[in-house]
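Notes follow once the structure below has been shown.
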Ligand code: IFM
């Protein structure tokens, strides 16, 4: 049993499902530019149409409601509501999110809004993107405008989704938009993302935004492959550069020394006052959990023997990592606010057979992670929400449409949605324990 106030949900993001890339005045984002560049996406696809959610949102919210969830996490496409990322707002873009919120209200589903799920307006990229410090101010303007319009209609607003990915995959190894491979630049980008988070929180507080405000971080505990001093040191470094790199500035007002010691800080510029700007009180921390880091100094790196197997992404299924991660966060950050598990889910090579998608393995995945989350709650961690990633199969970034995370199967040719067995299981679970 979970507390009666617990939020149960499903999550999506704008570029992955909306489509309607050039409809009603939406401006291009860096993901439009990136996906249209040859060789960037495994199956050569893009998010031009995706799940066509822009036109099918009402049907999709009916689906969400049919799952018995009481919460829905989605993101706003910045370039839909402000085509260039600066200057004029696009009323038609805001109207879309207003209609979405109307429908969620009608169904009594709490809305959890994310401001930035990786789709920077191309107009800002043309001015230097996240390497340009000014982008942090534009982000704060955007946050304040969204909060002014929707702050009273949503339960929470997260500034960023997984800034680790924006910095490391967008600027570190070029797997994601905008496709830059320069580690030193990725470090500067991570600082600007954190700064923009702090400025956005301040801007939203300044207008007395009634929604809960926070950030969503992807996190993993790091396990050394062996007990050797080298592997243990490597695991500590991994944890410092991924988890603590984002947590320490927000909760302690400084970067972790263990990470600074080994990073290329030559091009790193932090202005006086930045760390205070980043260290804002937040009302919740969103944790996205998928796997642990299994750290080995051996080459090629040793893979863990995965008791519960690997997902279709090649990620180890390791539910106990969620318990240990949450316990570690509570231990290390006394000011830790309530935690929302804002993403957790599994890619499976799903197939429709006789109109059915038998994804037993996904059911076991969710079940085991809910148990792991519950174990951390029993030991005192204040977890208040769980969102399955994702509602629908969707555009999985550089994997295109080849990876399916949804509770709901999408036939992209017909846009037909079919509930997988996991969706039916989740619906029953929530009917029995609605939180
Ligand atoms: O699809 C992504 C999502 O956009 C961010 N978190 C991880 C998911 C699965 O890779």
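The values are calculated or read from the model by the stated rules, or taken from the named source; none is laboratory data. Predicted model, so just to flag it, every value in this text is computed and none were measured. Virtual Cβ from ideal backbone geometry, glycine too; neighbours counted across all protein chains shown.
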Per the list (1) away from the ligand (no atom under 16 Å from the Cβ); (2) part of a loop (DSSP other than H, G, I, E, B), residue check on residue 195 breaks on (2)
Selection from the range 147-181 of residues touching a strand residue (DSSP E or B) at 6+ places or on another chain (Cβ under 6 Å), within 16 Å of the ligand (Cβ to nearest atom) and either modelled with pLDDT under 95 or outside any helix (DSSP H, G or I) (or both) yields 158, 159, 160, 161, 162
When residue 115 is run through (1) touching a helix residue (DSSP H, G or I) at 6+ places or on another chain (Cβ under 6 Å); (2) away from the ligand (no atom under 16 Å from the Cβ), the failure sits at (2)
Counted residues in the range 325-368 being closer than 17 Å to residue 391 by Cα, within 16 Å of the ligand (Cβ to nearest atom) and assigned to a helix (DSSP H, G or I) come to 3
Of 119, 141, the only residue that is more than 18 Å from residue 10 (Cα to Cα), touching a residue at least 24 places away in the same chain (Cβ under 8 Å) and assigned to a loop (DSSP other than H, G, I, E, B) is 119
Those residues of the range 372-387 which are within 19 Å of the chain's Cα centre (by Cα) and either in a loop (DSSP other than H, G, I, E, B) or more than 12 Å from the ligand (Cβ to nearest atom) (or both) amount to 373, 383, 384, 385, 386
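Looking at 160, 112, 117, which is the one that is over 23 Å from residue 34 (Cβ atoms), under 18 Å from the mean Cα position of the chain (by Cα) and surrounded by 17 or more Cβ atoms within 10 Å (Cβ to Cβ)?
112
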Picked from the range 1-28 (must be within 14 Å of the ligand (Cβ to nearest atom) and not in a loop (DSSP other than H, G, I, E, B)), the residue nearest to residue 92 (Cα to Cα) is 14
Counting only residues in the range 41-54 that are assigned to a loop (DSSP other than H, G, I, E, B) and away from the ligand (no atom under 16 Å from the Cβ), the one nearest to residue 408 (Cα to Cα) is identified as 52
If we keep only residues of the range 388-434 that are surrounded by fewer than 16 Cβ atoms within 10 Å (Cβ to Cβ) and assigned to a loop (DSSP other than H, G, I, E, B), then the residue nearest to the ligand (Cβ to nearest atom) is 402
Result of the Cβ filter at 7 Å on the range 413-435, keeping first residues that are at positive phi and partners that are modelled with pLDDT of 95 or more and assigned to a helix (DSSP H, G or I), at least 6 apart or interchain, is 415/56
- Item | Qualifying residue in the range 81-102 (condition: within 16 Å of the ligand (Cβ to nearest atom) and crowded, with 17+ Cβ neighbours inside 10 Å) | no
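Here is a yes/no grid of residues against (1) at pLDDT 95 or above; (2) over 21 Å from residue 117 (Cα atoms); (3) assigned to a loop (DSSP other than H, G, I, E, B); (4) within 14 Å of the ligand (Cβ to nearest atom):
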{"position": "281", "(1), (2), (3), (4)": "yes, yes, yes, no"}
{"position": "285", "(1), (2), (3), (4)": "yes, no, no, no"}
{"position": "291", "(1), (2), (3), (4)": "yes, no, yes, yes"}
{"position": "294", "(1), (2), (3), (4)": "yes, yes, no, no"}
{"position": "300", "(1), (2), (3), (4)": "no, yes, yes, no"}
{"position": "304", "(1), (2), (3), (4)": "no, yes, yes, no"}
{"position": "314", "(1), (2), (3), (4)": "yes, yes, yes, yes"}
{"position": "318", "(1), (2), (3), (4)": "yes, yes, yes, no"}
Looking across the range 245-262 at residues that are in a helix (DSSP H, G or I) and without any contact (Cβ under 8 Å) to a residue 40 or more places away in the chain, the single one that is surrounded by the most Cβ atoms within 10 Å (Cβ to Cβ) is 248
Taking first residues from the range 7-26 that are closer than 20 Å to residue 156 by Cβ and second residues anywhere that are at pLDDT below 95 and in a loop (DSSP other than H, G, I, E, B), the pairs with Cβ under 8 Å that are 6 or more apart or on different chains are 7/435; 8/434; 8/435
